[in-house]
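Written below as structure tokens is the structure these notes are about.
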Number of protein chains: 6
Amino acid sequence: MVHVSRKEHFNAAHKLYNPVWSREKNEEVFGPCANENWHGHNFELIVTVKGLPDPDTGFVVDLKKLSRLIRQEICEKVDHRNLNVDVPFMAGKMASTENLAIEFWNILAAKLPSITRVGKLHSIKLYETPRNFVEYFGPQTA
Amino acid sequence: MVHVSRKEHFNAAHKLYNPVWSREKNEEVFGPCANENWHGHNFELIVTVKGLPDPDTGFVVDLKKLSRLIRQEICEKVDHRNLNVDVPFMAGKMASTENLAIEFWNILAAKLPSITRVGKLHSIKLYETPRNFVEYFGPQTA
Amino acid sequence: MVHVSRKEHFNAAHKLYNPVWSREKNEEVFGPCANENWHGHNFELIVTVKGLPDPDTGFVVDLKKLSRLIRQEICEKVDHRNLNVDVPFMAGKMASTENLAIEFWNILAAKLPSITRVGKLHSIKLYETPRNFVEYFGPQTA
Amino acid sequence: MVHVSRKEHFNAAHKLYNPVWSREKNEEVFGPCANENWHGHNFELIVTVKGLPDPDTGFVVDLKKLSRLIRQEICEKVDHRNLNVDVPFMAGKMASTENLAIEFWNILAAKLPSITRVGKLHSIKLYETPRNFVEYFGPQTA
Amino acid sequence: MVHVSRKEHFNAAHKLYNPVWSREKNEEVFGPCANENWHGHNFELIVTVKGLPDPDTGFVVDLKKLSRLIRQEICEKVDHRNLNVDVPFMAGKMASTENLAIEFWNILAAKLPSITRVGKLHSIKLYETPRNFVEYFGPQTA
Amino acid sequence: MVHVSRKEHFNAAHKLYNPVWSREKNEEVFGPCANENWHGHNFELIVTVKGLPDPDTGFVVDLKKLSRLIRQEICEKVDHRNLNVDVPFMAGKMASTENLAIEFWNILAAKLPSITRVGKLHSIKLYETPRNFVEYFGPQTA
């Protein structure tokens, strides 16, 4: 079993704000992240696929195809966007890095079979900053 | 002459949008950076001070004091803010990295004498992303 | 299950020296790391917590609280210190990166319930240099 | 169980080219990576060993010895070489990052007992670029 | 005066080999860099342009246009190529990082007026590895 | 004129402590950097040489020779050492990054003619941490 990873990036605005709560409660819980006029980040996204290399190509997955898939399915929908306002698949969800990673998994797990027969999605790693990051291994994980 | 540098960071939202122009013209010139709902970045800011080391301390400038000055005068005013909306010193200016660097210079050049007798401000380097960055050397530069 | 990580850093002096051995044996085993006058590093520390995101916040753990916990419980006790001399929880132990990671786990595993109900400590990753690093997953690991 | 890692690097040329296929098929599958005149990379290699620290040294494995082993057994054979032409253990195999990682595992798993009694090889992580990388956990993985 | 920089990258093979010299002399001077079967690198290229920001845009130069220019004029000609064999503008020159930077300057200095009226080329910085890099400031430098 | 740079590193202990002052004054001025039991850093050192490339080699300076010179003249004397105690050329000087850079310049400027006829020393850049660094351009600077 080999894990193969591709890193992409996007720049987006967001805020952490629970609309069920008062403004005071949001500021108490989320601090400056609740700023109503938004803030933003350079996100780094690492997608990892696992499988056995194909003997003809030496590849678990063609990284050019994986890069293209991530850009089409994720980056084009979030890059230079507002994650709370402009992104349909985040509607009604807190725009936390945790929730973004889960939604990215759902999108890519469904699309991955279109570019590889042998590779399975292993994880989504998402850096909000170089010091804050999350990793998601899917709904059932070892 | 020794150059001494301190790196700080902040996360902010902005858009590139000239209010004198139509929305079409803004999108033509600035592309996705003109998204009306904002986008954002993890900015990295490097402030460089030059001078001769003080024989008693070995310092051109005490970097703890320089760090504190940058945080108080810059980061507290831009971190987790919207650069077009929340930052008084950017009012009426395009929120480009170039203009941010110039404003940061103006603020720090005025305040630097409060923490060092021998050090002079040399440059403001500002990374919008790891691939896009600017450096400003002040109104008169060699 | 989502893994959430926070990176902090500290600068410290240490030496690798087993007091039961002769100086010659220490130099033979540890080489320049046994220098009796110490050497030091910029350590980078990544703490990873795992759990399911809270629906109200989107968080497994509030990273501002995790950062504060790591700084209070770890960094304030080791930053700008001598790991062999100044740090009570390392007394009587070899000041290796392996042993530091184990002690950091013990401290944080006990304190983590004070900041999160759902998150469990997953790992302690400690970089002594960008080329030498360790990761510890606790006393029982899969 | 502690994981201990050492990072080394080497610079090499290669191409992705299946000699059973026509030039057109190779260019269709591998794109510019099939350029017959080669291209190259700065590879970064991370070797991870796991075990319990030895009480006398605090070490799972002496990283100076691990570094020396990686350099002798891997880097001296691939650094400033052509991976398709100059490297006996890659003969007859596609020079993909996946296959390199598998061969590096086979070499190091056999040699590791010469430098550590307690440490077992855990993984080989190989960066072809900062954005494309693989990790291999051996023929039997958890 | 503001300096504005854009970073791009390419992967290429090369060797250092002076065809006027014997193979022995080449190996004596260039060591493993003279390997006749080539080696290669992930090059990082930083292009810096200087000028006064345009008041309408806040830009010295539109970095999207600068990125496109560098990719068209440089990266498409060197990426996944052999610098000694496949690149017409390096014909008859030693494929050193120094000479690459000079040729890149000559190409970009001629093309830059097509994308900016106010910006002048300031420097070409080229990383062959993270530890070996050059910077060229043009035929006349301050 | 081309600038050519080589990056090396070393790990060392030090403290900032002026022996003419009381302990209280030292702690007031230097804070935790005055800890009598030392602290330490992973220093990164970049040496830049400038000149015109030699037509036979394409080199301003052979970076293998520059690397060897830096390691022999600097790293072997400071790596895994205590900068206040173990390093003769720092005796009687504050062990600040500024003073280290000046001493490194003095050593390398004297030795550089032994490895290059055309290259002149341009600067010494020294990172104490990724966020604190200095650059020295020699006793006479443009």
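The values are calculated or read from the model by the stated rules, or taken from the named source; none is laboratory data. Given the structure is predicted, the values throughout are model-derived calculations rather than measurements. Here the Cβ positions follow ideal geometry from the backbone for every residue, glycine too, while neighbour counts run over all protein chains shown. Ligands, DNA and RNA are excluded from the accessible area calculation, which covers all protein heavy atoms including side chains. Shrake-Rupley method; radii C 1.70, N 1.55, O 1.52, S 1.80 Å.
Here the accessible area of segment B:31-142 is 51 percent carbon and sulfur, with a 1.4 angstrom probe and all protein chains present.
Take the convex hull of the alpha carbons in the protein assembly as shown; its mean projected area over all directions comes to 35.8 nm².
Here segment A:2-136 is treated with +1 on each Lys and Arg Cβ and -1 on each Asp and Glu Cβ, and its dipole about the Cα centre works out to around 400 debye.
Largest GNM mean-square fluctuation across B:Ile102, B:Ile115, B:Ile70, computed for chain B with C-alpha springs under 10 Å, falls on B:Ile115. Structure remark: mean-square fluctuation, Gaussian network model of chain B, C-alpha springs under 10 Å; the largest value among B:Ser123, B:Ser96, B:Ser114 belongs to B:Ser114. Over segment D:65-142, all Cα pairs binned in 10 Å intervals from 0 give whole-percent P(r) values of 17, 50, 30, 3, listed from short to long. Rounded to whole Å, the principal axis extents of the Cα atoms in segment D:1-54 read 55, 20, 14, largest first.
Mean per-residue shielding of peptide A:62-69 is 3, counting Cβ atoms of other chains within 10 Å of each Cβ. With all protein chains kept in place, the per residue accessible area of chain E amounts to 42 square angstrom at a probe of 1.4 angstrom. With viscosity 0.692 mPa s and temperature 37 °C, the Kirkwood radius over alpha carbon pairs of chain B converts through Stokes-Einstein to a diffusion coefficient of 204 µm²/s.
What does the buried accessible surface come to for F and B, summed over both chains, with the probe at 1.4 Å? Round to 100 Å². What F and B bury together is about 1700 Å². How many angstrom lie between the Cα centre of segment E:83-119 and the Cα centre of segment A:106-142? Cα centroid of segment E:83-119 versus Cα centroid of segment A:106-142: 40 Å apart. Within chain A, DSSP assigns beta bridges of which about 95% are antiparallel (rounded to the nearest 5). On the beta carbon distance between D:Ile115 and F:Arg71, with R0 = 25 Å, the FRET formula returns roughly 0.55. Put simply, the amide H of F:Asn84, placed in the peptide plane, has neighbours under 5 Å in F:Lys15, leaving out anything fewer than 5 places away on its chain.
Among F:Val78, F:Val49, F:Val20, the largest mean-square fluctuation in a Gaussian network model of chain F, built with springs joining Cα atoms closer than 10 Å, belongs to F:Val20.
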